[in-house]
Amino acid sequence: GSLIEQLTTEKYECMVCCEVVRIVAPVWSCQNCYHVFHLNCIKKWARSPASQAEDGNSGWRCPACQNASTQVPRTYTCFCGKVHNPEWNRNEIPHSCGELCGKKRQGLDCPHLCNILCHPGPCPSCPAFVTKTCECGQTSHSVRCGQSTKIRCSNVCGNTLNCGKHSCTQVCHSGKCSPCQLTVQQVCYCGSSFKEVLCGTKGEFSDGFGNFSCQNICGKKLNCGRHNCTQVCHPQPCQLCPRLPQVVYRCPCGQTPLSKLLELGCVERKICTDPIPSCGKTCGKPLPCGSYEFVHTCESLCHEGECKPCSHTSNIYCRCGFKKKVTAITFMCEKRCNKKRSCGRHKCNEVCCVDTEHKCSLVCGRKLNCGLHRCEEPCHRGSCQTCWQTSFDELTCYCGESVIYPPVPCGTQPPECKKPCTRPHDCDHPVYHSCHSEEKCPPCTYLTQKWCMGKHELRSNIPCHLTDISCGLHCNQMLKCGMHRCKRICHKGECLIDEDCKQPCIIPRLYCNHPCMAPCHPSSPCPTTSCSAKVRKVQLSATAISIATKLTDLQLGDSVEISRLITKKEMKQAR
């Protein structure tokens with residue numbers, strides 16, 4: 001409305017030439033800030049070096065909003081762009097075609113085109129009413145199509161969470177529901193350890209025997225009822241007792257079948273606790289101390305249980321295979337492992353490492369998405385889980401009109417509020433932006449009148465937040481030398497800060513009255529140099545030459561009769 005009034009009454013000024021925009025003058029309007037300029041002025045500005053963007057590749061900048069454009073305007077069109085060279089009609093808005101605007105509204109998903117007559121400035125919000133559902137999809141509301149705010153009802157969301165068991169308890173909200181925050185207790189396969197995890201995580205689901213392995217010895221009773229399982233905590237059922245009579249077919253060293261020993265008079269085994277008959281031969285099982293070339297074997301007689309330590313010595317590699325040593329037992333070298341752990345962040349650093357997975361046992365410690373707490377899980381790859389902490393205090397906007405009721409997940413942003421901003425502002429102009437959670441308010445764009453930096457003229461249509469405004473005229477302020485004026489374009493601060501005036505001296509010379517022209521020297525006399533000024537030669541008449549020859553007589557006091565020296569033609573002249 002302000003643009004229409006100023007253009008109609010011819011009170012709108014072009015920011016390039018600072019002249020009034022006439023009704024019949026060809027104009028161009030910026031599609032970003034909607035300022036109006038003379039078409040010829042904006043063409044000259046776009047071709048000038050001062051208008052080029054800082055990177056040099058983005059084109060030229062709008063004088064008002066500094067928005068970069070690549071194409072230079074060449075034709076005079078109406079505001080909606082449909083008519084070239086529109087004719088002025090007394091009953092229509094100047095520079096408009098008088099037809100429906102028909103432009104698509106910016107920044108909205110509105111399918112309706114602008115339905116008012118061709119106009120300057122942004123298109124108003126869409127007046128049509130449409131039916132929209134709330135964020136949770138339970139209720140429908142009739143709202144204006146141009147309304148960009150999301151609709152939220154007062155009902156509980158109720159959508160199924162990621163765990164598939166529980167429902168969302170938050171009030172109608174935007175985006176995906178937060179992960180289920182309830183915890184469930186898990187038991188290991190052997191039943192000796194427990195831990196709590198969030199409901200819906202990958203480790204929550206059981207395979208019928210438990211949820212995870214505690215890495216301890218299983219210890220469950222085997223099917224014989226007399227021995228315990230010696231495997232590491234495992235998901236499958238425990239194996240059969242390895243000492244059952246129906247499982248053991250040979251002597252402890254494995255060289256002789258038990259059927260032959262029974263023929264020799266050995267007692268038949270009935271249960272798993274009965275001793276396994278010995279064949280009486282040398283055990284001969286390979287010991288772990290041998291090398292690839294020389295395998296050491298057990299020299300004891302056939303026996304149950306583990307073999308005795310080897311009595312020989314040999315070149316034995318450490319367990320990681322890096323170092324070799326003459327010894328009878330296994331040993332560890334002092335080399336530290338340089339491989340990355342499973343997290344990808346830390347090195348293994350174990351002495352004589354034989355591990356293949358290199359699991360990291362450190363705590364992750366990275367900041368969570370809330371920015372307040374750190375991850376307490378074992379160090380891992382990829383992103384950390386969302387922060388599980390919640391607040392039971394109400395979360396409000398700055399003015400307190402919009403509220404998110406507890407529980408509030410950690411890291412939740414304050415709610416959106418459509419009330420006008422109530423924060424203190426530097427100016428007393430009307431506030432057009434909504435309540436916000438950022439500390440700093442957007443700059444005030446109210447159009448005001450402000451003096452340029454050199455106090456040359458009062459500029460109109462200047463946004464309130466702009467402070468340093470140049471009128472484009474020469475500064476013309478007196479410099480410190482007292483003789484010259486500043487020739488810079490209207491600028492901020494002092495004219496010459498850390499330098500002296502370099503303009504040519506204008507004091508007239510003593511003999512020829514031409515200016516000195518040496519660099520400005522306010523505190524010293526003019527230098528005695530030859531004058532370099534060019535003069536125009538004058539051809540003297542014969543009379544002047546004759547008089548010049550008589551100057552000597554005149555200087556001695558004699559009189560000279562000049563009538564003899566002047567011709568009749570010269571006598572008739574005024575001088």
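Return only the number of the condition from (1) open to solvent by less than 100 Å² (accessible area, probe 1.4 Å); (2) more than 30 Å from residue 458 (Cα to Cα); (3) modelled with pLDDT of 65 or more that residue 479 does not satisfy.
(2)
Exactly one condition in (1) in a helix (DSSP H, G or I); (2) touching a strand residue (DSSP E or B) at 6+ places or on another chain (Cβ under 8 Å); (3) at pLDDT 90 or above is not met by residue 37; state its number.
(1)
Please go through region 122-131 and pick out each residue that is touching a Ser or Thr at 6+ places or on another chain (Cβ under 8 Å) and surrounded by 13 or more Cβ atoms within 10 Å (Cβ to Cβ).
Result: 130, single match.
Residues in region 482-528 that are under 26 Å from residue 451 (Cα atoms), open to solvent by 80 Å² or more (accessible area, probe 1.4 Å) and at pLDDT 85 or above: how many?
Number satisfying all stated conditions: 6.
For region 483-534, enumerate the residues that are on the phi > 0 side of the Ramachandran plot and out of contact with any strand residue (DSSP E or B) (no Cβ under 6 Å at 6 or more places or on another chain).
493, 513
Open to solvent by less than 60 Å² (accessible area, probe 1.4 Å), at negative phi, out of contact with any Pro (no Cβ under 7 Å at 6 or more places or on another chain) and modelled with pLDDT under 80: which single residue out of 544, 574 fits that description?
544
I'd like to check something: does region 192-202 contain any residue that is among the polar types (S, T, N, Q) and loosely packed, with under 13 Cβ neighbours inside 10 Å?
Among the residues of region 192-202, not one is among the polar types (S, T, N, Q) and loosely packed, with under 13 Cβ neighbours inside 10 Å, which makes the answer no.
Scan region 212-224 and report the pairs whose first residue is aromatic (Phe, Trp, Tyr) and whose second residue is open to solvent by less than 30 Å² (accessible area, probe 1.4 Å), with Cβ atoms within less than 7 Å and a gap of 6+ or a chain change.
Qualifying pairs under 7 Å: 212/186; 212/188.
Being open to solvent by 30 Å² or more (accessible area, probe 1.4 Å) and in a loop (DSSP other than H, G, I, E, B) is the filter here; which residues of region 49-68 pass it?
54, 55, 56, 57, 58, 65, 66, 67
Considering only residues that are touching a Leu at 6+ places or on another chain (Cβ under 8 Å) and either within 30 Å of residue 503 (Cα to Cα) or among the aliphatic types (A, V, I, L, M) (or both), which ones fall in region 458-485?
462, 479, 480, 485
Residue pairs, Cβ under 8 Å, 6 or more apart or interchain, first in region 329-357 and under 29 Å from residue 297 (Cα atoms), second part of a strand (DSSP E or B) and modelled with pLDDT under 85. List them.
From region 329-357, the pairs are 329/316; 330/316; 331/316; 331/325.
Residue 262 versus (1) part of a loop (DSSP other than H, G, I, E, B); (2) open to solvent by 30 Å² or more (accessible area, probe 1.4 Å): which is the lone unmet condition?
Only one criterion in (1) part of a loop (DSSP other than H, G, I, E, B); (2) open to solvent by 30 Å² or more (accessible area, probe 1.4 Å) is unmet by residue 262, namely (1).
Only residues in region 244-272 that are more than 24 Å from residue 226 (Cα to Cα) count as the first member; pair them with residues that are surrounded by 14 or more Cβ atoms within 10 Å (Cβ to Cβ) and modelled with pLDDT of 85 or more, Cβ under 7 angstrom, at least 6 apart or cross-chain, and list the lot.
Cβ pairs passing all conditions: 255/279; 256/250; 256/279; 257/250; 261/251; 261/277; 261/279.
List, please: which pairs have Cβ atoms under 6 Å, are six or more places apart or on different chains, and start with a residue in region 162-186 that is more than 21 Å from residue 212 (Cα to Cα) and end with one that is open to solvent by 70 Å² or more (accessible area, probe 1.4 Å) and of a type in the set (Lys, Arg)?
172/152; 174/150
Just one of 151, 93 is farther than 30 Å from residue 46 by Cα and of a type outside the set (D, E, K, R); which is it?
Just a single option satisfies the conditions, and that option is 151.
Given the criteria under 29 Å from the mean Cα position of the chain (by Cα), in a loop (DSSP other than H, G, I, E, B) and modelled with pLDDT of 80 or more, does residue 71 qualify?
So residue 71 fits the description; yes.
Just give me the residues in region 222-251 being of a type outside the set (A, V, I, L, M), surrounded by 12 or more Cβ atoms within 10 Å (Cβ to Cβ) and either over 25 Å from residue 192 (Cα atoms) or under 56 Å from the mean Cα position of the chain (by Cα) (or both), in sequence order.
230, 231, 233, 234, 235, 238, 243, 245, 250, 251
Residues being of a type in the set (Val, Ile, Thr) and under 22 Å from residue 17 (Cβ atoms): count how many of those fall in region 47-87.
3
Could you tell me which of the residues 185, 231, 246, 255 is out of contact with any Cys (no Cβ under 9 Å at 6 or more places or on another chain) and within 29 Å of residue 300 (Cα to Cα)?
246 is the lone residue from the list that is out of contact with any Cys (no Cβ under 9 Å at 6 or more places or on another chain) and within 29 Å of residue 300 (Cα to Cα).
Mind checking which residues of region 208-254 are aromatic (Phe, Trp, Tyr) and in a loop (DSSP other than H, G, I, E, B)?
209, 249
For region 81-121, how many residues are touching a residue at least 60 places away in the same chain (Cβ under 8 Å) and open to solvent by 20 Å² or more (accessible area, probe 1.4 Å)?
2
Can you confirm whether region 449-469 contains a residue that is part of a strand (DSSP E or B), surrounded by fewer than 16 Cβ atoms within 10 Å (Cβ to Cβ), of a type in the set (A, V, I, L, M) and out of contact with any Ser or Thr (no Cβ under 7 Å at 6 or more places or on another chain)?
Scanning region 449-469, I find at least one residue that is part of a strand (DSSP E or B), surrounded by fewer than 16 Cβ atoms within 10 Å (Cβ to Cβ), of a type in the set (A, V, I, L, M) and out of contact with any Ser or Thr (no Cβ under 7 Å at 6 or more places or on another chain), so the answer is yes.
Kindly evaluate residue 333 against the criterion of being open to solvent by less than 30 Å² (accessible area, probe 1.4 Å), more than 30 Å from residue 180 (Cβ to Cβ) and at pLDDT below 85.
Yes; evaluated as a whole, the condition is true for this residue.
The values are calculated or read from the model by the stated rules, or taken from the named source; none is laboratory data. Keep in mind that this is a model prediction, so the values were computed, not measured. Positions of Cβ are backbone-derived with ideal geometry, glycine not excepted, and every protein chain shown enters the neighbour counts. Surface accessibility is based on the protein's heavy atoms, side chains included, excluding ligands, DNA and RNA. Shrake-Rupley method; radii C 1.70, N 1.55, O 1.52, S 1.80 Å.
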